[in-house]
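**Student:** Structure in structure tokens, see below.
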Amino acid sequence: MELNKYRYNRIVAFVFAAASVSACSAQKKSTIATSTGKVVFFDDFNSDKIDRSKWNFEITGKNNHFNDELQAYVDTPSTAFIVHGADAEGADGGALVIRPQSAPGFITKDGQPFDFISSRMTTQNKFQFTYGTAEARIKLPDGAGLWPAWWLLGTGEWPHTGETDIMEYIGEKDWVSAAVHGSGYSGETPFVNRQYWDANNDVTHWHTYAVDWTPDELLFKYDGKLMFRVTKTMAQHYGKWVFDNQQYLILNFALGGGYPVKINGIKKPYGMPESTVQMVKNGQAKMLVDWVRVTQR
């Protein structure tokens, strides 16, 4: 049967539109993790508020001052919130923003003074797991001495139940690092490695940071490519393999502290130069998280 020209054009237009939608959907899906298995945790930050059934906010106080960092952790929407549209800066839908702030004279519950506040979000007692793939799509700012991180922590005494640093960044935008801490290999751990980025694809672009955790090894993968491997045998050269218990997820944004100062040597403020202080004051220091996902086979 012969199609008239009008019907033909409408059909062609419909097919083209459908193909475009399909391509667009495929493109969006390409930003989602490619790991296989059962999804046991997922947050794409597409709602209006942070999901408190998934996330806790740690509050700085007694016994949780760490690494000579310059910020206190608080629970406030001014340092952790969700954005949509252009503010999400290319996220697939909404994005979590963790944004430290200047807060001169801030006093913690245990009476300690800080000039900055920030957020540290965890899934402790809400989601904990043993073995699987944990990954997140993250975009970071350019600023010396900034210290955002994406990591896992054991539920018992540190470091005897393990720490898995999937991604740490201290403000040199051409590299990020992964590390492992356990009994006999904590602090100045021998298990640390850097990923160096091309100039046109540095940390200010979106990247997926992941770890594949099995009973015998931790495989760190950035954008789906293996960048570091720590095996049970390697760890046992220094101490006990402690990665056989539950760990929980952490997203946080620290400022300055012991790790940055060892790299940049800036003493005042400790590990963070004045240019970055101004960046924080201007609200320009922010970590965006498109999604977080954990799968198990």
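The values are calculated or read from the model by the stated rules, or taken from the named source; none is laboratory data. Since this is a predicted model, take the numbers as computed values, not measurements. In this analysis, Cβ positions are derived from the backbone assuming ideal geometry, glycine residues included, and neighbour counts consider all displayed protein chains. Ligands, DNA and RNA are stripped out before the accessible areas are found, and what is left, the full protein with its side chains, is counted by its heavy atoms. Shrake-Rupley method; radii C 1.70, N 1.55, O 1.52, S 1.80 Å.
**Student:** Which of (1) of a type in the set (S, T, Y); (2) without any contact (Cβ under 8 Å) to a residue 40 or more places away in the chain; (3) open to solvent by less than 70 Å² (accessible area, probe 1.4 Å) is the odd one out, the single condition T276 does not satisfy?
**Tutor:** Condition not satisfied by T276: (2).
**Student:** Another question about this same structure. What residue, of I82, I98, I107, I59, is among the aliphatic types (A, V, I, L, M), without any contact (Cβ under 8 Å) to a residue 40 or more places away in the chain and under 20 Å from A149 (Cβ atoms)?
**Tutor:** Answer to the check: I82.
**Student:** Looking at (1) closer than 18 Å to G154 by Cβ; (2) in a helix (DSSP H, G or I), can you tell me which one T233 breaks?
**Tutor:** Tallying (1) closer than 18 Å to G154 by Cβ; (2) in a helix (DSSP H, G or I), T233 fails exactly one: (1).
**Student:** Is there a residue in the range 281-293 that is outside any strand (DSSP E or B), more than 25 Å from V97 (Cβ to Cβ) and more than 19 Å from the chain's Cα centre (by Cα)?
**Tutor:** Within the range 281-293 (the criterion being outside any strand (DSSP E or B), more than 25 Å from V97 (Cβ to Cβ) and more than 19 Å from the chain's Cα centre (by Cα)), the answer is no, since none of the residues qualifies.
**Student:** Just for the range 190-217: of the residues that are open to solvent by less than 20 Å² (accessible area, probe 1.4 Å) and β-branched (V, I, T), which one is farthest from T155 (Cα to Cα)?
**Tutor:** Among them, the one singled out is V203.
**Student:** Restricting attention to the range 92-115, and to residues there that are among the acidic types (D, E) and surrounded by 13 or more Cβ atoms within 10 Å (Cβ to Cβ), which single residue is nearest to the chain's Cα centre (by Cα)?
**Tutor:** Taking the candidates together, the pick is D92.
**Student:** For the range 176-189, name all the residues that are in contact (Cβ under 8 Å) with a residue 24 or more places away in the chain and open to solvent by less than 20 Å² (accessible area, probe 1.4 Å).
**Tutor:** Matches in the range 176-189: V176, A178, V180, G182, Y185.
**Student:** Would you mind stating whether K268 is more than 29 Å from Q124 (Cα to Cα) and open to solvent by 20 Å² or more (accessible area, probe 1.4 Å)?
**Tutor:** yes
**Student:** Taking the residues in the range 54-89 that are open to solvent by less than 50 Å² (accessible area, probe 1.4 Å) and farther than 21 Å from K286 by Cβ as candidates, determine which candidate is nearest to the chain's Cα centre (by Cα).
**Tutor:** For the range 54-89, the residue satisfying everything is N64.
**Student:** Still on this structure: D51: part of a helix (DSSP H, G or I), at pLDDT 55 or above and either touching a Phe, Trp or Tyr at 6+ places or on another chain (Cβ under 7 Å) or open to solvent by 40 Å² or more (accessible area, probe 1.4 Å) (or both), yes or no?
**Tutor:** No.
**Student:** Specify the residue that is nearest to D44 (Cα to Cα); the eligible residues are those in the range 246-265 that are open to solvent by 20 Å² or more (accessible area, probe 1.4 Å), part of a helix (DSSP H, G or I) and touching a residue at least 12 places away in the same chain (Cβ under 8 Å).
**Tutor:** Top of the filtered list is Y259.
**Student:** Quick check on the range 246-257. Is at least one of its residues among the hydroxyl-bearing types (S, T, Y), more than 10 Å from G145 (Cβ to Cβ) and modelled with pLDDT of 95 or more?
**Tutor:** yes
**Student:** Would you confirm, using the coordinates I've provided, whether G162 is open to solvent by less than 40 Å² (accessible area, probe 1.4 Å) and either within 22 Å of V292 (Cα to Cα) or touching a Ser or Thr at 6+ places or on another chain (Cβ under 7 Å) (or both)?
**Tutor:** Yes; evaluated as a whole, the condition is true for this residue.
**Student:** All but one of (1) out of contact with any Lys or Arg (no Cβ under 9 Å at 6 or more places or on another chain); (2) closer than 30 Å to T231 by Cβ; (3) at pLDDT 95 or above hold for F66; which doesn't?
**Tutor:** All conditions pass for F66, except number (3).
**Student:** So M121 fits all but one of (1) assigned to a strand (DSSP E or B); (2) surrounded by fewer than 19 Cβ atoms within 10 Å (Cβ to Cβ); what number is the exception?
**Tutor:** (2) is the only condition that M121 fails.
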